Amino acid sequence: MKIVCFGDSLTRGISYVRGRLRIIKENYPNSLAKLTESLPFVEVLNKGVFNDNSDLLVSRIEKDVMSENPDIVLIEVGGNDCNFHWDEVAKNPEGDHEPIVPIERYLENVTQLVKQVQDKHITSFLLTLPPLDPARYYRSIADKFGHSIGHFVSHVGGIEHWHGMYNRQLKSLAEELKVPLIDVRSYIKSSGDLGPLISDDGIHLTSEGYQQMSLAIFSDLLKHMEEDMFPKAIKR
């Protein structure tokens, strides 16, 4: 059985370590692969790309996912979609700015991704957006682009407002499309203190955070597929 982890930097395994963004080995696809070692014939592929949004996932799904002929596709995207071009915000903090991928297009893109996978009779799962630390995230972008962005951030209801809104809409879309949703956001939040789980930039996870993410995914995969998907996939 082949599982493709398809997404952005949270799938790739980016963390903020010693003042720099780095790819860490303890990412969620690697952790998931270790958790599935007890299951026969399971292969986990990491198809995460740093800074990707849903527009970019649509553009590369054929090359990076469909060509692999997977049994399962885990789709994780949204954190960059609901983000802003902070350099433009810094130049005009009192202006109107749209997220990088507006919510309507984001939902259309995710719908297209799911349907492309389903059309090939491949099982797809949507992953919710992991939690962020709004205070640390604000500090990280303010340090880079200047504190003039603070006016805009407060005007739009804070950084977490957009992140939460995209997440809620994603959950509603999963219900509409009748596609399984793995709520990694709630699982990570239920783990207790988020401090050690979210890296210093406020949006990427630490190795401990990615471990919690992989545990949530593994638990739901077993729940959804132990009586159906796994036996079929193993026979392939």
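The values are calculated or read from the model by the stated rules, or taken from the named source; none is laboratory data. This structure is a prediction, so every number in the text was calculated from the model and none was measured. Counting neighbours? That spans all protein chains shown, and the Cβs are built from the backbone with ideal geometry, glycine included. The area values use the complete protein model at the heavy-atom level, side chains included, leaving out ligands, DNA and RNA. Shrake-Rupley method; radii C 1.70, N 1.55, O 1.52, S 1.80 Å.
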If you go through V117, V179, the only one that is over 24 Å from S15 (Cα atoms), surrounded by fewer than 21 Cβ atoms within 10 Å (Cβ to Cβ) and under 18 Å from the mean Cα position of the chain (by Cα) is V179
Could we say that E37 is part of a helix (DSSP H, G or I) and at pLDDT below 95 here?
yes
Considering only residues of the stretch 208-236 that are of a type in the set (G, A, S) and crowded, with 19+ Cβ neighbours inside 10 Å, which is modelled with the lowest pLDDT?
A233
Need the failing condition index for M165 against (1) modelled with pLDDT under 95; (2) open to solvent by 30 Å² or more (accessible area, probe 1.4 Å); (3) out of contact with any Phe, Trp or Tyr (no Cβ under 9 Å at 6 or more places or on another chain); (4) not hydroxyl-bearing (S, T, Y), just the number.
(1)
Failed condition for E94, given (1) at pLDDT 95 or above; (2) at negative phi:
(1)
Looking only at the stretch 153-168, how many residues end up being over 14 Å from the mean Cα position of the chain (by Cα) and either assigned to a helix (DSSP H, G or I) or closer than 15 Å to N109 by Cβ (or both)?
8
State whether the residues of the stretch 13-34 include one that is in a strand (DSSP E or B), farther than 28 Å from H163 by Cβ and touching a residue at least 24 places away in the same chain (Cβ under 8 Å).
no
For the subset of the stretch 120-145 comprising residues that are open to solvent by less than 20 Å² (accessible area, probe 1.4 Å) and free of Cβ contacts under 8 Å to residues at least 60 places away in the same chain, which member is nearest to V17 (Cα to Cα)?
I141
Condition broken by D201, with the remaining ones in (1) surrounded by 14 or more Cβ atoms within 10 Å (Cβ to Cβ); (2) in a helix (DSSP H, G or I); (3) touching a residue at least 12 places away in the same chain (Cβ under 8 Å) satisfied:
(2)
Which residue, of E98, E43, E104, is open to solvent by 20 Å² or more (accessible area, probe 1.4 Å), within 24 Å of I14 (Cα to Cα), out of contact with any helix residue (DSSP H, G or I) (no Cβ under 6 Å at 6 or more places or on another chain) and among the acidic types (D, E)?
E43
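Just to be sure, is G48 crowded, with 22+ Cβ neighbours inside 10 Å, on the phi > 0 side of the Ramachandran plot and touching a helix residue (DSSP H, G or I) at 6+ places or on another chain (Cβ under 8 Å)?
Values: crowded, with 22+ Cβ neighbours inside 10 Å: yes; on the phi > 0 side of the Ramachandran plot: no; touching a helix residue (DSSP H, G or I) at 6+ places or on another chain (Cβ under 8 Å): yes.
Taking the combined requirement at face value, the residue does not satisfy it.
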Every residue in the stretch 44-91 that is among the aromatic types (F, W, Y) and in a helix (DSSP H, G or I), please.
W86
Checked pairs for the stretch 88-99, first of a type in the set (A, V, I, L, M), second buried (at least 17 other Cβ atoms within 10 Å of the Cβ), C-beta under 8 Å and 6 or more apart or across chains, list as V89/F145; V89/I149; V89/F152; A90/F145; A90/I149
